[in-house]
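**Q** Below you will find the structure I want to go over with you.
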Amino acid sequence: MPAKLGPLPRSGAGVAPSVAIEIEVDAEMPQARPWLTDGLVGWFELTSKEALQLAREHSRFPDAVVHFRGHAPAPIRNSPLAELVHLARARGLELPVFVIGGRAGQHDGTVRPAAYADTSLSAPLFADRLGDMIREVGRLSEIRLRRQVFGPLPGEWPAGAPEHSTIGLLALGLSHRFGAVFGVGAGRFEIVGAFTFDMATQFLESRRFDAVLIDCPPEMAVDYVTRLRFDPRYINLPVIACARNGADAARLHAAGASDVLAHGLNPAELSERVRIAIRAGARRHLAGALLRRFRHRHLGERGRLPRAGYDRYLSELTRLLALQGREPLAVPLASFHPDPLWRSAANDEAFLPAGDNPLRSAALAASREEDFVATVEGLGDMVVLRDASAVGRLARRLSSIVSATSFL
């Protein structure tokens, strides 16, 4: 259960992740307890009221909010949850909300859930989904920060470009829900129907989709979800499936479904759940594309960043991370592997334009897209990480790649 109010603790590898818990009076607490006791092992928990007090008095915010919703609509607009999210946003921090159970349509327009799960999701999977949600929202926040400091990238998509405007949902199967889904998406996003898995695969290979809705018997749905997750191209694609009961829902979650819809879902609930999945897919696509473009442009002498811009970025990142008790670590790339390396690697082609430097190409492969890796005027190749735990992660990956690569 939530801990007493106090400073957010530090773990041995950095600041322990923290989460604010909002539990409505009629939420399914027998279902919620395992999620809090087993799913959040190693997390620092506090109530949304305590988190709001900590934010007001010390400008400290949790990493996320978990909202166990009840079945009766509860006022959200002036709740501690809403105040906490709005206060974080006023400081430039996006605080993601993970909704569990309950009915739809309870959040106002400025408190939109970033993820949803029904109560059939197991506690270990809940922890994984919570971490994924925090990372995806953080990736988009990193893009906003870089655009704020460095401006848009040359050739970046304008607001009306197809990459921004074409939002797609692929509906796989043949069911009575299709009519309701088309009603939800009318004028908001494009819906493409596929009767078979082979048809769905062809559509996925031909264009971008932000989410997939699988509406067919659970036995087939489990197979379809499993096959999608075994394909590296779709391992993170939001997938919604439909279940007849709690046992079916648990199987679909275990197979990798992002969300599971129960029978009898009203149009408002269906709309919210589909929108949550589509927003997650759109965030992932946009952040991934822009983060990759940034690092490929600015890692190397031709695209080196001005020192003044880098200093502004580091200053603003320091301010934002301090709101959650963290501080950035700026490290020269060469310090991750001091041994001398030959000029180029035999398998560097995939990591051009950094192929003239094997450590640069290894950094592209080993680091996460949201890690800041760029060549800075007067400093050389720099890596900026958001937490101490990331240093060990990147160092291990770099060492593994460099030691296993054949250099010519």
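**Q** If you check 281, 288, 256, which single one turns out to be in contact (Cβ under 8 Å) with a residue 24 or more places away in the chain, under 18 Å from the mean Cα position of the chain (by Cα) and on the phi > 0 side of the Ramachandran plot?
**A** Going through 281, 288, 256 in turn, just one is in contact (Cβ under 8 Å) with a residue 24 or more places away in the chain, under 18 Å from the mean Cα position of the chain (by Cα) and on the phi > 0 side of the Ramachandran plot: 256.
**Q** Filter region 303-348 for residues that are small (Gly, Ala, Ser) and modelled with pLDDT of 90 or more and give the result.
**A** 308, 309, 315, 322
**Q** As an exercise: evaluate residue 357 against (1) modelled with pLDDT of 75 or more; (2) surrounded by 19 or more Cβ atoms within 10 Å (Cβ to Cβ) and give the number of the one condition it does not meet.
**A** (1)
**Q** A further question follows. Check region 381-388 and report whether any residue there is modelled with pLDDT under 80 and at negative phi.
**A** yes
**Q** For residue 226, are the conditions met, namely being modelled with pLDDT of 80 or more and under 23 Å from the mean Cα position of the chain (by Cα)?
**A** Yes: the conditions hold for residue 226.
The values are calculated or read from the model by the stated rules, or taken from the named source; none is laboratory data. Nothing here was measured: the structure is a model prediction, and the numbers come from that model. Neighbour counts are summed over all protein chains in view; Cβ atoms, including those assigned to glycine, are modelled from backbone coordinates with ideal geometry.
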